[in-house]
Every structure is written in C-alpha cells, then in structure tokens.
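**Q** Supplied in structure tokens, the structure appears directly below.
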Amino acid sequence: QVQLVESGGGLVQPGGSLRLSCVASVRFFVINVMGWYRQAPGKERELVADITRGGSTNYADSVKERFTISRDNAKNTVYLQMNSLKSEDTAVYYCRITHLPGGEVWGQGTLVTVSS
C-alpha cells in the first residue's frame with residue numbers, strides 16, 4: 001500500500017516562491033520515479049518535473065530555470081522549489097510516484113494560486 005501526502009500550496013504574488021513537499025508512505029514497494037504534475041482550469045494535466053531514484057531530472061520547458069525538483073530517498077519525499085512564479089503557474093499540483101515491481105500512485109493535489 002502506498003499513500004502520498006502533499007503540502008506547501010497556497011496563494012503567492014507573482015515573482016514569489018513556494019516549496020511543495022510530497023511524502024510517500026510505502027510498504028513492500030520500492031519507489032522509482034517521483035514527480036509533479038499540474039492541472040490548470042480548463043486544461044489537461046501536464047508534467048512539471050520528475051526525478052529518478054538516481055537523481056536524474058526532467059522538466060517542462062515552461063518551468064526550466066525557475067523550478068527545482070529534488071528528493072530524499074531516506075524520507076521517501078520529493079520536493080518542488082518554485083521560484084519566479086507567474087500567473088500561468090496557477091494550478092492544482094499533483095504528486096505522482098511509480099514503484100517497483102510496477103504501478104503508480106497519485107496524490108490528492110494541492111492548489112497553487114499566483115495572483116496579486
């Protein structure tokens with residue numbers, strides 16, 4: 001059984017920063033890839049960034065140079081540091097993990113609103 005608990009969303013002004021966290025409660029599985037997705041109103045869910053167990057990262061072009069993903073394997077936690085936030089970053093952000101031997105789990109989502 002795997003459960004994800006996200007935190008860190010909220011309201012921030014344009015140009016501001018937020019840090020999202022996602023803790024995975026895992027039993028009997030090994031976490032493989034950890035990532036963040038987002039879904040804005042009226043749009044499809046999209047990948048923001050993900051990171052492998054070995055630390056290789058992948059970012060959407062729209063967040064490169066502004067967002068940083070990291071993980072702590074000992075704590076089964078993935079972070080998303082978001083800087084220079086823009087109004088177009090407003091969305092519900094979802095944590096997603098894949099685990100071995102095979103499967104995925106999604107978090108419940110945390111709302112990020114960028115507005116003055």
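**Q** Do any GluC sites (Glu not before Pro) in region 1-110 lie in a loop, going by DSSP, with at most 11 other beta-carbon atoms within 10 Å of their beta carbon, and if so which?
**A** The qualifying sites are Glu44, Glu65.
**Q** Sorted by accessible area (1.4 Å probe), largest first, how do Phe28, Phe67 line up?
**A** Ranking Phe28, Phe67 by accessible area, largest first, yields Phe28, Phe67.
**Q** Starting from the exponent 0.38 and prefactor 2.2 Å, build the expected Rg for region 41-116 from its residue count and divide its actual Cα Rg by it.
**A** 1.16
**Q** Quote the FRET efficiency, to the nearest 0.05, computed for Asn32 versus Ser62 with a Förster distance R0 of 25 Å and r equal to the Cβ-Cβ distance.
**A** Calculated transfer efficiency: 0.50.
**Q** Report ³J(HN,Hα) in whole Hz for each residue of region 16-24, in order, from the Karplus equation J = 6.51 cos²θ - 1.76 cosθ + 1.60 where θ = phi - 60°; Gly and Pro get x.
**A** x, 10, 9, 10, 9, 10, 9, 9, 9
**Q** Where does region 24-73 land on Rg(C-alpha)/(2.2 N^0.38 Å)?
**A** So the Cα radius of gyration is 1.30 times the expected 2.2 N^0.38 Å.
**Q** Okay, next question. What lysines sit close enough to Lys75 to cross-link, taking a C-alpha to C-alpha distance under 23 Å and skipping anything fewer than 8 places away on the same chain?
**A** none
**Q** Ignoring ligands and nucleic acids, what accessible area does Leu11 show with a 1.4 Å probe (Å², nearest 10)?
**A** 130
**Q** In addition: Report, ordered by chain and residue number, the lysines lying within cross-link reach of Lys43, taken as a straight Cα distance under 28 Å and ignoring same-chain residues fewer than 8 apart.
**A** Lys64, Lys86
**Q** Okay, next question. For Ser115, tell me the accessible area in Å² from a 1.4 Å probe, rounded to the nearest 10.
**A** 60
**Q** Tell me, what is the per residue accessible area of the chain in Å², probe radius 1.4 Å?
**A** 54
The values are calculated or read from the model by the stated rules, or taken from the named source; none is laboratory data. Model, not experiment: these values are computed from the prediction. Cβ: placed from backbone, ideal geometry, glycine included. Neighbour counts: every protein chain shown. Areas reflect the complete protein model, heavy atoms only, side chains present, ligands, DNA and RNA absent. Shrake-Rupley method; radii C 1.70, N 1.55, O 1.52, S 1.80 Å.
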